[in-house]
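Undergrad: Before I ask anything, let me first share the structure, which is written out below as C-alpha cells.
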Amino acid sequence: MGSFSAFSLLRHAIGGNRHWQRHWRAASPKPSYDVIVVGGGGHGLATAFYLAENHGIRNVAVIEKGYIGGGNVGRNTTVIRSNYLLDGNTQFYEFSMKLWEGLSAALNFNVMFSQRGQIVTAHSADQMDAFSHRANIMRLNGIDAEILGRDEVRRLVPYLDFSDTARFPIHGAILQGRAGTARHDAVAWGYARAASGHGVDIIENCEVIDFLRKGDRIVGVETTRGRIGAERVGLAVAGHTSVLSRKAGLELPIESHVLQAFVTEPVKPLVDHVVAYGADHFYVSQSDKGGLVFGGNLDGYNSYAQRGNAGVLQEVCEAAVALMPNISRLRLLRHWGGIMDMTPDASPIISLTPVPGLYLNGGWCYGGFKATPASGWCFAHMLATGEVHPLTRGYGLDRFRTGHTLDEAGAGPFAWLQ
Amino acid sequence: MLRIHCPCCGPRDHDEFRYAGDASVVRPAHDDPDFEAWYRYVYVRANPKGLHREYWQHVHGCRQWLVVERDTATHTIHSVHFAGQQAS
C-alpha cells in the first residue's frame, strides 16, 4: 500500500497517477476474532484503528452492511468544535479536538482538517451573557474561546445581515478559533486504511442479522456472509442502534430521527469560517469546491428513511436568508438525510451493557462526526480492557436511571425536541 | 411532506400538526411506586424500523389528539384515529 509522503506523491504524479493501490484490503471473514466492531462508519473504523494502535489488538474485524463512507460518516456537515458546557462533554470533545489536530499525521492520510474557526452569533444582551458563561467554562478547561462585539463580528463576517432591517440584529458572537471542518470521506478512508495496515479486517457488504450466544453471553455475530465468532462485540451503528440492540435483548432510550444537510451550487470563496445563527437553527461552511454546506433542525418525527421533508428545507432556508440575505438566489445542488440515534439528553452512549460480551457505542445525535477520534479512542479502551475510559464516565447507559443526564440544551427527555 | 388524514378535518399536511412521540408507551398509575415502570415510561422506546404508533396533535386545525400508525422506513400512513378512541 505504501505510505504517503511528498516524495511518493511526486513519484505517482510523474507516473500519471496510474499506479495507486487499494487503500485497504478487501477482507473475507475469518471464523473468529478477538473483537468484532459492528459498523464501518467513522466510529467503528476509529475504534478498530485504536484497538490496534493503542492496545496491540490486531485480530479485529469491522463489519459493515454497506460500503465504507456510505453511512453517516459521509452524510454529516463536517463541523468540528469543542464548545460544550457540561462536565463530561466539555473534556471529551476537547480531547477529540486534540486528536483531530494530529490526525492527518497519525493516519498518514490527509483528512483536510481546517481550523477556520466557528462563529456563533448572539442576538440579544441575554444571549451575550449566556455566551460569556460558555466561554468562561471553555477557558477554565483550557479551550480557546473569544467573545466578539458587533463591530468585531462585522469585520470578520461582513456578509451577514448588519442592516437596520435585520429581523434579529447581531449583538456579538462567540468564536472558537480552533474549530473547523474536515473532509469526512477522508476521515473514513484514512481510518480504514490505517486500521487495515495494522491487520484489521474490514468486511464490507456484510450485514449482521443476529448475535451468537453461549448461555447469556454474546460470542459472535450471524451475518449475511456466515457466522463469525468473537470474544467481544462492539456496536457502533448509530442510527440503527435500536434495531441491532433489540436482537441482543437490550432496550434503549433511543429514537431514530432524520437530520438533513444541504449544499448549494459552487460559488467563489465567501464563507471562510463555520458560521452558526444564534437566533434560529442554521449553520454553514463553504467546501473546497465552493458549495455552501449547511444544516438545521431534525425533521421532528421518528424516521429510518434517509431522506427529509420539504418543510424543514424551507425552515432552514428561511433562517439562512435571515442571517445571510446575499445567498437568497443561490440554487441548492443537493440535499440528503442521515439517521440519528437521538437520546433523551442529546448526549452519546459509550457504555458497558447488561449483556455479557456486548459493548455499546451509539446515541450520537448531532455530535457524531466531531467526536469520531475520541469516540474510537475511548471505545477501543473499553473493548480492550473491559473498563470505562475516564473521559466517558458520563456516557453510561445508567445515567438515565440515576438522573445524571447530560442535557446541553435543557430540552427534557423528548428526542425530537433536542 | 406527510399527509395525515385527520378524522375531523380531512387530509392535511403534517406541518399543521405537532408531533408528540410514541403512543404505545404506557403511563404508570399516578400512585405507582415502581421505579422501573417510570423509567421505562420516560426513557425507553421501542424505536421500530417499521410500523410505529405515534401521537400527533392537530394544533393548526381541530386541536384533536390523534394516534397515527406510520411506517418509519417508508412514511406510509396505515391508520389515523382520535387518541381518545384508541386504547393504549
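The values are calculated or read from the model by the stated rules, or taken from the named source; none is laboratory data. The shown structure was predicted, so the numbers you read here are calculated from the model rather than taken from an experiment. Neighbour counts run over all protein chains shown; Cβ positions are idealised from the backbone, glycine included. For the accessible areas, the whole protein counts, side chains as well, though only heavy atoms, and no ligand, DNA or RNA atoms are used. Shrake-Rupley method; radii C 1.70, N 1.55, O 1.52, S 1.80 Å.
Undergrad: To the nearest whole number, what is the average tally of beta carbon atoms from other chains within 10 Å of the beta carbons of peptide A:295-304?
TA: 5
Undergrad: Shifting gears a bit: When all protein chains stay in place, what accessible area (Å², nearest 10, 1.4 Å probe) is found for B:Lys49?
TA: The accessible area of B:Lys49 comes to roughly 100 Å².
Undergrad: Between the chain alone and the structure with every protein chain in place, find the residues of the range B:41-57 that drop at least 50 Å² of accessible area; heavy atoms, 1.4 Å probe.
TA: B:Tyr43, B:Arg45, B:Asn47, B:Lys49
Undergrad: Give me the accessible area per residue for chain B, probe 1.4 Å, as a whole number in Å².
TA: Normalised by residue count, the accessible surface of chain B is 54 Å².
Undergrad: Show the residues, 5+ positions off or on another chain, whose built amide H is closer than 5 Å to the amide H of A:Val219.
TA: HN-HN under 5 Å from A:Val219: A:Leu212, A:Arg213, A:Lys214.
Undergrad: Which order do peptides A:360-371, A:263-274 fall in by mean Cβ count within 10 Å, highest first?
TA: In descending order of packing, they fall as A:360-371, A:263-274.
Undergrad: Then there's this: Pull out a ≥ b ≥ c, the square roots of the eigenvalues of the alpha-carbon gyration tensor of the range B:3-82, then state rounded if a/c is under 1.5, prolate if not and a/b is larger than b/c, and oblate in the remaining case.
TA: oblate
Undergrad: List the equivalent ellipsoid semi-axes of the protein assembly as shown in whole Å, largest first, each obtained as the square root of 5λ for an eigenvalue λ of the Cα gyration tensor.
TA: The answer is 34, 33, 22 Å, longest axis first.
Undergrad: For the range A:157-311, max minus min Cα coordinate along each principal axis, in Å, sorted largest first?
TA: Here the spans come out as 69, 38, 28 Å, largest first.
Undergrad: Also: Quantify, in whole percent, the carbon and sulfur part of the accessible surface of the range A:329-382 (1.4 Å probe; protein heavy atoms only).
TA: For the range A:329-382, the apolar C and S fraction of the accessible surface comes to 58 percent.
Undergrad: With heavy atoms of protein chains only and a 1.4 Å probe, what residues of the range B:6-20 have at least 10 Å² less accessible area in the full set of chains than alone?
TA: B:His14, B:Tyr19, B:Ala20
Undergrad: Go ahead and set up a Gaussian network model of chain A, Cα springs under 10 Å, then flag whichever of A:Tyr33, A:Tyr191, A:Tyr93 fluctuates most.
TA: Sorting by GNM fluctuation, first place goes to A:Tyr33.
Undergrad: To continue, here is another question. State, as an integer percentage, the relative contact order of chain A based on alpha-carbon contacts under 8 Å between residues 6 or more apart.
TA: Computed over chain A, the figure is 22 percent.
Undergrad: Name the residues whose placed amide hydrogens come within less than 5 Å of the amide hydrogen of A:Ile57, ignoring near sequence neighbours (fewer than 5 apart) on the same chain.
TA: Placed amide hydrogens put A:Ala52 under 5 Å from A:Ile57.
Undergrad: Now for a separate question. For chains B and A, what's the summed buried accessible area, probe 1.4 Å, to the nearest 100 square angstrom?
TA: For chain B against chain A, roughly 2200 Å² becomes buried.
Undergrad: Same structure again: Ordering A:Glu387, B:Glu36 by how much accessible area each has at a 1.4 Å probe, largest first, what is the list?
TA: A:Glu387, B:Glu36
Undergrad: When you look at the Cβ of every residue in B:74-82, what mean number of other chain Cβ atoms sits within 10 Å?
TA: Across B:74-82, the average partner-chain Cβ count within 10 Å equals 1.
Undergrad: Let me ask something else. Considering only Cα-Cα distances, which of the following residue pairs are longer than 23 Å: A:Lys30/A:Lys214; A:Lys98/A:Lys268; A:Lys289/A:Lys370; A:Lys65/B:Lys49; A:Lys247/B:Lys49?
TA: A:Lys98/A:Lys268
Undergrad: Projected onto the charge dipole of chain A (+1 at Lys/Arg Cβ, -1 at Asp/Glu Cβ, origin at the Cα centre), which of A:Thr165, A:Ile339, A:Gly142 gives the Cα projection farthest towards the positive end?
TA: Highest projection toward the positive end goes to A:Ile339.
Undergrad: While we're here: Please list the non-local residues whose amide H lies under 5 Å from the amide H of A:Val37, H modeled 1.01 Å from N, same-chain partners needing a gap of 5 or more.
TA: A:Ala61, A:Val62, A:Ile63, A:Gly234
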